[in-house]
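A.B. asks: First the structure, then my questions, so here it is.
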Amino acid sequence: MNTNFNEIVDATWLSRPSPTIALELLGCTVVRHLPNGEQIRGVIVETEAYTEGDPACHAYRKRTPRNTVMFGPAGMSYVYLIYGMYHCLNIVTDEDGIASAVLIRALELSSIPEFLQQDLNFPVKSDRHLKKPLKKDKFSRLAAGPGKLCRVLKIDRTLTDLPLHPDGPLWLEHRTPTFQQSVNSGKIQFVQTTRIGITQGTDLPWRWYIADCPAVSQC
DNA sequence: ATGAAGATCGCG
DNA sequence: GCGATCTTCATC
């Protein structure tokens, strides 16, 4: 019996250091359950880790209203607004009291969301999640970037500080056996590099992505 | 109160 | 390279 398929990622599994989780989340699936019942799924292909003692971490200085969820137990969502117009999705990691999280930087969408099938241009005024219209784009690049994936999955700050569980609007599923076999055989390879888009902590090699994946940001 | 900076993105 | 756009946080 295959008990590993579609296994839910739980808080215990996430209660380890963020660099470890950032690597192991590659190949896992983000599932977004919309209020209308629609489900959007995407495989994680790029991540970054942030943690204690890391000058690029939002929790580096002190605990504030925005970053407080990072100080709590693993398995929670941390969503913030960046540059006044984009949202970023993070997964809170490590033990309670250790401020850390993994930024989800890119997804390979499993299917074209219904609202994108209608028209690859978003209905700007009717969708409050979209500050700007999404231009027509190659399907594989629709969620290639932390801001872009939140647009497609309709993730905003109302989804921060939520437990990642199938009862809610957002959760994670483990790698499929097929994916893991490809990793074991070397067919799928992971690349570790320094993080991007930051001005401090640029020397820490805490960015990971799947090699030769068109959905990874910054090709 | 005030202002500067920011884990982005797409255009030119 | 730059502008859009606005919250957050440090400092005044």
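The values are calculated or read from the model by the stated rules, or taken from the named source; none is laboratory data. It should be emphasised that the depicted structure is a prediction, and the values quoted were computed from it without experimental measurement. Cβ: placed from backbone, ideal geometry, glycine included. Neighbour counts: every protein chain shown. Surface areas here come from the heavy atoms of the whole protein model, side chains and all, with no ligands, DNA or RNA. Shrake-Rupley method; radii C 1.70, N 1.55, O 1.52, S 1.80 Å.
A.B. asks: State whether the residues of the stretch A:170-177 include one that is more than 15 Å from the chain's Cα centre (by Cα), hydrophobic (A, V, I, L, M, F, W, C) and open to solvent by less than 20 Å² (accessible area, probe 1.4 Å). First the steps, then the outcome.
C.D. replies: Step one: filter the stretch A:170-177 for residues more than 15 Å from the chain's Cα centre (by Cα), giving A:176-177.
Keeping just the survivors that are hydrophobic (A, V, I, L, M, F, W, C) gives none.
No, because not a single residue in the stretch A:170-177 is more than 15 Å from the chain's Cα centre (by Cα), hydrophobic (A, V, I, L, M, F, W, C) and open to solvent by less than 20 Å² (accessible area, probe 1.4 Å).
A.B. asks: (1) open to solvent by 10 Å² or more (accessible area, probe 1.4 Å); (2) at pLDDT 95 or above; (3) outside any strand (DSSP E or B): which one isn't true of A:Asp54, the others all being true?
C.D. replies: Every condition holds for A:Asp54 apart from (1).
A.B. asks: What do you reckon, is A:Val9 in contact (Cβ under 8 Å) with a residue 12 or more places away in the chain, open to solvent by less than 20 Å² (accessible area, probe 1.4 Å) and away from DNA strand B (no atom under 14 Å from the Cβ)?
C.D. replies: yes
A.B. asks: Report every pair of residues separated by at least 6 positions or lying on different chains whose Cβ atoms are under 7 Å apart, first residue within the stretch A:61-76 and at negative phi, second of a type in the set (Phe, Trp, Tyr) and within 12 Å of DNA strand C (Cβ to nearest atom).
C.D. replies: What qualifies is A:Arg63/A:Phe71; A:Arg66/A:Tyr80; A:Val69/A:Tyr78; A:Met70/A:Tyr78.
A.B. asks: Looking for whichever is in contact with a strand residue (DSSP E or B) (Cβ under 9 Å, 6 or more places away or on another chain), over 30 Å from A:Tyr60 (Cβ atoms), open to solvent by 10 Å² or more (accessible area, probe 1.4 Å) and modelled with pLDDT under 95 here; the options are A:Ser110, A:Ser126. Which one fits?
C.D. replies: Just a single option satisfies the conditions, and that option is A:Ser110.
A.B. asks: Among the residues of the stretch A:57-76, count how many are more than 10 Å from DNA strand B (Cβ to nearest atom) and surrounded by 23 or more Cβ atoms within 10 Å (Cβ to Cβ).
C.D. replies: 1
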